[in-house]
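Colleague: A single structure is presented below for examination.
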Amino acid sequence: MSLLSVLSNARSSLSVTSQQTAVVSRNVANAQDPTATRKYANSVYTRPGAVEIRSISQSSDPALYRALINAQSSLGTNETIADSLDRLREVIGDVDSPTSPSSSLAALKDALTDLAASPESPQLQRAAVDKAKAMTASLNTASDAVQAMRKDADTELKQSADAMRKLLSDLETVNNGVVVGTRSGNDVTDLVDRRDQIVAEISKYVGVSVRGRGDNDIILTTDSGIVMFDKMPRSIEFTSTSSFDPSIRMDNGTAARRPGAFKIDGVDISANGSMPVRSGSLQGLLQIRDEMGPEFQEKLDMMARGLVTQFTESGGPGLFQSASGADPITARSIMVAARVDYTAGGDASRLRDGTVNAASTSPNTAGDSGYSQWLNTLVGKVTNPLNLAPYDWSSTAPPAFGDAQNSSLVDFSAASIAWLEGKRADATEGSSYQKIMVSRAQETLSNSTGINLDEEMTRLLDLERSFQASTKLIATVGEMLDQLINIA
């Protein structure tokens with residue numbers, strides 16, 4: 001090999017080493033970024049003894065990345081539901097909470113039982129009325145809390161729609177850079193990292209599937225198959241609902257009484273839609289707003305209607321009445337009749353005599369202050385089974401009713417709170433599990449594709465030695481050429 005060939009090869013090696021050093025230095029600078037992948041230079045032999053850098057690549061593990069975004073989507077669902085139900089629980093309490101509907105109903109039963117034992121006692125009469133008022137307050141508060149929870153979910157859906165539009169717009173910009181750079185043969189590894197970060201952020205809102213194609217381009221779809229991004233973002237549509245009440249439901253027969261649909265590329269992604277998403281915070285928010293919230297509200301309304309029905313007197317509604325005066329009776333509208341509310345000028349003894357309703361005929365015909373038969377009847381109506389039916393809001397002319405459940409008010413109220421606690425416990429457990437899965441996926445992916453600072457520093461030392469060797473070789477060849485020139 002001639003001296004000129006040796007010199008050329010040494011210069012080639014020096015150039016390659018410089019480029020490799022730049023790549024490793026980039027890795028060192030990004031070592032603290034958990035989303036950065038390890039970059040490396042691809043060198044090829046161009047002629048005997050000579051090399052050059054043809055491209056820059058990055059470490060990747062599609063299977064682990066897919067596991068991470070799937071875990072993030074599942075965490076988004078469970079965490080959203082758990083957070084919403086935790087806030088609801090703070091207001092309503094659990095089965096044993098003294099202010100929960102089930103505890104309030106049990107306290108009312110005990111007060112009626114005590115009054116039945118001493119029906120002539122004004123103190124016990126007032127105590128029974130107080131417990132009845134606590135019962136209605138519990139239902140009113142629970143209903144307000146449910147609708148507030150649904151409104152909060154609706155607000156978060158609006159915020160999520162705005163955030164997703166921004167992320168998809170950013171994805172378009174970055175993806176265009178990746179495609180153009182790939183076609184030009186430029187280093188696009190940092191852009192690919194950024195694109196993966198954006199997709200991972202989107203996966204927190206909705207389960208996603210990523211499909212690659214030529215020029216390093218991608219197509220992004222939801223886990224139900226709706227296209228979200230294909231060269232450009234698809235539409236994200238959502239109109240928030242100004243206020244919520246028990247009649248605002250997806251199954252309401254009146255379209256104007258339905259909450260706003262969340263649409264991706266014109267397709268409704270809710271449970272009632274044609275392609276509902278299966279994971280992500282959007283799915284959790286839609287469950288809270290359109291499924292769990294209305295179902296628990298339905299249970300509260302069934303309790304309220306059961307109380308009004310069971311305490312009805314000969315002349316109509318008795319101790320419990322609806323502020324609306326008629327069906328639909330809801331947990332928000334139930335109230336204690338003013339004629340028995342001693343704090344508002346009523347007479348608490350009317351509860352004993354069955355004359356809370358002005359049109360009622362008292363069964364206590366003798367006017368006996370020790371009359372307890374009606375009170376015993378009321379105690380039985382709280383504990384005896386009855387048919388509790390939910391409203392069928394799909395009817396355009398409520399009230400219509402769905403399938404009835406045979407249960408006592410006491411048992412049904414306890415079961416309703418237990419149902420809510422069960423949903424909350426499931427979501428909390430799922431959230432805890434998915435947090436572990438996300439953490440493990442992040443750790444495993446980082447170990448597989450991330451930057452190991454120790455390894456990069458070792459690589460820098462190796463490159464430094466190579467650089468020194470090439471420099472020394474160039475200097476030696478230069479000296480030899482100088483000597484040859486001097487001899488000549």
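Colleague: In a shell of Cβ-Cβ distance under 11 Å around G370, excluding G370 itself, what net charge do Lys and Arg (+1) and Asp and Glu (-1) give?
Modeller: -1
Colleague: Can I ask one more? Please list, or write none, the lysines whose alpha carbon is within less than 19 Å of the alpha carbon of K109, excluding same-chain residues fewer than 8 places away.
Modeller: K131, K133, K381
Colleague: Of all the C-alpha pairs in the chain, what % are more than 29 Å from each other?
Modeller: Considering the chain, 64 percent of its Cα-Cα pairs are separated by more than 29 Å.
Colleague: Can I ask one more? Of S138, S224, L453, whose Cα points farthest to the positive end of the dipole of the chain (charges on the beta-carbon: +1 Lys, Arg; -1 Asp, Glu; origin at the Cα centre)?
Modeller: Going by the Cα projections, it comes out as L453.
Colleague: Can you tell me, using C-alpha contacts under 8 Å and at least 6 residues apart, the relative contact order of the chain as a whole percent?
Modeller: Reported relative contact order: 23 percent.
Colleague: Å³ per residue of the Cα convex hull, for region 142-248?
Modeller: Each residue corresponds to 99 Å³ of Cα convex hull volume.
Colleague: In addition: To the nearest 0.05, how large is the calculated FRET efficiency for D392 and V91 if R₀ is 30 Å and r is the Cβ-Cβ distance?
Modeller: That pair, D392 with V91, gives E of 0.60.
Colleague: Quick one, could you list the DSSP H helices from the chain stretching 20 Å or more along their long axis (Cα atoms) with average Kyte-Doolittle hydropathy of -1.0 or above?
Modeller: Answer set is 3-29, 62-92, 101-117, 122-184, 189-205, 293-310, 409-449, 453-487.
Colleague: Please report, in debye to the nearest 20, how large the charge dipole of region 65-438 is about its Cα centre when each Lys and Arg carries +1 at its beta carbon and each Asp and Glu carries -1 there.
Modeller: Approximately 380 debye in magnitude.
Colleague: I want to make sure I understand the PRE zone here: with the label point 7 angstrom from the Cα of I219 toward its beta carbon, which residues in region 225-239 have backbone N atoms less than 11 Å away?
Modeller: The answer is 226-231.
Colleague: Which of P119, Q434, S97 sits farthest toward the positive end of the charge dipole of region 65-438, with +1 on the Cβ of Lys and Arg and -1 on the Cβ of Asp and Glu?
Modeller: Positive-most Cα among the choices belongs to Q434.
Colleague: I would also like to ask the following. Taking only the Cα atoms of region 107-199, how large is their convex hull per residue, in Å³?
Modeller: Residue-normalised Cα hull volume stands at 95 Å³.
Colleague: Here is a further query. What does the charge add up to near A427, with Lys and Arg as +1, Asp and Glu as -1, over the other residues with Cβ less than 13 Å from its Cβ?
Modeller: Its environment carries a net charge of -2.
Colleague: Near K204, which lysines are there with a Cα under 22 Å away, not counting those fewer than 8 places off in the same chain?
Modeller: Candidates past the 8-residue exclusion: K151, K158, K166, K231, K263, K423, K435.
Colleague: Take S59, project a point 7 Å from its Cα along the Cβ direction, then tell me which residues of region 175-210 have their backbone nitrogen under 20 Å from it.
Modeller: 188-198, 200
Colleague: Can you give the helix-only mean residue ellipticity at 222 nm for the chain, where every DSSP H stretch with n ≥ 4 adds -39500 (n - 2.57) and the sum goes over all residues, rounded to the nearest 500 deg cm²/dmol?
Modeller: Only helices count here, giving -19500 deg cm²/dmol.
Colleague: I would also like to ask the following. Along Cα→Cβ, 7 Å out, is where each label goes; now give me the distance between the ones at A358 and M437 in nm to one decimal.
Modeller: 6.2
The numbers here are math on the coordinates, done by the rules we state, and not lab data. Nothing here was measured: the structure is a model prediction, and the numbers come from that model. Methodologically, a virtual Cβ is constructed for each residue, glycine included, from the backbone with ideal geometry; neighbour enumeration extends over all protein chains shown.
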